[in-house]
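Read through the structure below, which is laid out as structure tokens, and then see the notes.
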Amino acid sequence: MGNSFVETIVGALVIAAAALFVFYARASVSAGDGGGYELVARFDRVDGITAGSDIRMKGIKIGTVTALDLDQTRYLAVARLSIEAGVAIPTDSSVKITSDGLLGGAYLSVDPGGDETVLADGGEIANTQGSIDLIGLISKAVFSSGSSEGSGEPAPQTP
């Protein structure tokens with residue numbers, strides 16, 4: 001009987017710890033919903049970005065990506081960005097997709113412009129740079145280096 005009592009106590013402690021973890025996670029996620037404003041940015045490709053990805057300015061998190069959609073007429077990826085209320089973004093700012101290193105996760109990096117007018121709720125960041133296809137770049141470098149065949153130049157003559 002004493003053994004089942006110990007198991008019951010340990011089980012209750014595990015359930016309490018799990019409940020605290022869920023409460024903490026929920027509080028952390030909802031802490032970012034401070035009544036900010038929404039912006040839109042269009043990219044040619046958004047590899048690595050998902051809803052919930054960070055938006056950073058100078059390394060500081062200023063918002064999150066709330067949704068990704070496809071513009072059916074221009075075939076561009078449309079990212080909806082939720083920016084914190086206290087952060088003003090000039091109209092000539094740019095945003096690019098970058099990563100935390102070679103194996104790190106992707107995020108949006110905002111580079112503020114110098115314009116005195118700022119984007120309002122529902123505004124669009126016009127200057128964007130999509131993600132870079134790293135595998136494609138590596139394969140181009142590997143398969144194009146050292147190849148002179150088919151370049152249109154005559155082969156060197158040896159006497």
>> Can you tell me which residue is surrounded by the most Cβ atoms within 10 Å (Cβ to Cβ) among those in region 15-40 that are at pLDDT 90 or above and under 19 Å from the mean Cα position of the chain (by Cα)?
In response: L39
>> Under 6 Å between Cβ atoms, which residue pairs at least 6 apart in sequence (or on different chains) link something in region 93-119 that is surrounded by fewer than 13 Cβ atoms within 10 Å (Cβ to Cβ) with a partner that is part of a loop (DSSP other than H, G, I, E, B)?
In response: D115/T91; D115/D92; T117/T91
> Do we have any residue at all in region 128-144 that's assigned to a loop (DSSP other than H, G, I, E, B), of a type in the set (G, A, S), at pLDDT below 95 and under 23 Å from R45 (Cα atoms)?
Replying inline: yes
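The values are calculated or read from the model by the stated rules, or taken from the named source; none is laboratory data. Quantities reported herein were computed from a predicted structural model and do not represent experimental measurements. Glycine gets a Cβ as well: all are built from the backbone with ideal geometry, and neighbour counts include every protein chain shown.
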